[in-house]
1. Quick check on region 44-62. Is at least one of its residues without any contact (Cβ under 8 Å) to a residue 24 or more places away in the chain and basic (K, R)?
2. Please specify each residue of region 173-192 satisfying the condition of being of a type outside the set (K, R) and over 20 Å from D94 (Cα atoms).
3. Go through region 95-140 and count every residue that is modelled with pLDDT of 90 or more, among the basic types (K, R) and closer than 18 Å to V76 by Cβ.
4. Mind listing just one residue for me: the one in region 150-183 that is among the small types (G, A, S) and closer than 21 Å to R194 by Cβ and, of those, modelled with the highest pLDDT?
5. Quick one: would you say A103 is among the aliphatic types (A, V, I, L, M) and more than 23 Å from I132 (Cβ to Cβ)?
6. What residue, among those in region 79-113 that are in contact (Cβ under 8 Å) with a residue 40 or more places away in the chain and charged (D, E, K, R), is nearest to Y50 (Cα to Cα)?
7. Cβ contacts < 7 Å: first residue of a type in the set (G, A, S), restricted to region 183-212; second residue at pLDDT 85 or above and crowded, with 16+ Cβ neighbours inside 10 Å, any location; separation 6+ or different chain. Result?
8. Which numbered condition in (1) outside the structural domain of D94 (by TED's automatic domain parsing); (2) assigned to a helix (DSSP H, G or I); (3) modelled with pLDDT under 80 is the only one that Y212 fails?
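The values are calculated or read from the model by the stated rules, or taken from the named source; none is laboratory data. From a predicted model like this one, the values you see are computed outputs, not experimental measurements. Cβ placement follows ideal geometry from the backbone for every residue including glycine, while neighbour counts extend to all protein chains displayed.
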Amino acid sequence: MNPRTNGPLRVILVDDHAIFRHGMRAVLEHACAFDVVAECGDGESAVAAYLALRPDVLLLDLRMPGLDGLEVVRRVVEADRGALILIVTTYATDEDIRHALRAGARGYLLKDAGPEDVCRAIERVAEGGMVISPDIAAQYVRITTRAELSPRELQIVRMLCAGKPNKEIARSLSVEVTTVKGHVKSVLDKLGVRNRTEAVAEATRRGIVPSY
């Protein structure tokens, strides 16, 4: 973590929408009394600005042209293990949340948060804490408490998405049909769904398999 000074919190604001940046800057500087040391509209400039200025908190959107927010998190954390990054986005899929926090983000806030919530979230992250938007807190708990799919289960779910029945999956993997059925049950449990159709939909939504 970068050493804190006695002055206002130093923040870099990253979002590809200028109107959102303008509004958020007003919140940060007036409602929060923070110092916005840089604004960036893309990921490449965000990484460069962070490395040059070393702010207390990097406020970052996920979806941007070119280098996306997730890759910004990875590059910044690789360069500075103490980096404090707060995601502020409209996207709240399981995969977005899980990948962002696993990459090193310290918080995940939705863009409809009020000014006071934004101020408190940044202060909390700057203090070394973690912040999850109340709107997705239950979702985050579900994500973190659910076991990951094993490599074999990933194979199974991809074959389910391809429409293959258990017998064909068993032949492809050179295993018994009963073994496949056991894997399918485990996949359903881990994805939190009731049947194969729901498993396909959930796997697609999470990005486990590509959507076409």
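1. Checked against the condition, which is being without any contact (Cβ under 8 Å) to a residue 24 or more places away in the chain and basic (K, R), region 44-62 yields no hits at all.
2. L173, S174, V175, E176, V177, T178, T179, V180, G182, H183, V184
3. 1
4. If we take residues in region 150-183 being among the small types (G, A, S) and closer than 21 Å to R194 by Cβ, then G182 is modelled with the highest pLDDT.
5. Against the criterion (among the aliphatic types (A, V, I, L, M) and more than 23 Å from I132 (Cβ to Cβ)), A103 does not qualify.
6. That would be D80.
7. If the second residue must be at pLDDT 85 or above and crowded, with 16+ Cβ neighbours inside 10 Å, the pairs left are S186/E153; A199/V157; A199/L160; A199/V187; A199/L188; A203/V157; A203/C161.
8. Of everything listed in (1) outside the structural domain of D94 (by TED's automatic domain parsing); (2) assigned to a helix (DSSP H, G or I); (3) modelled with pLDDT under 80, Y212 misses just condition (2).
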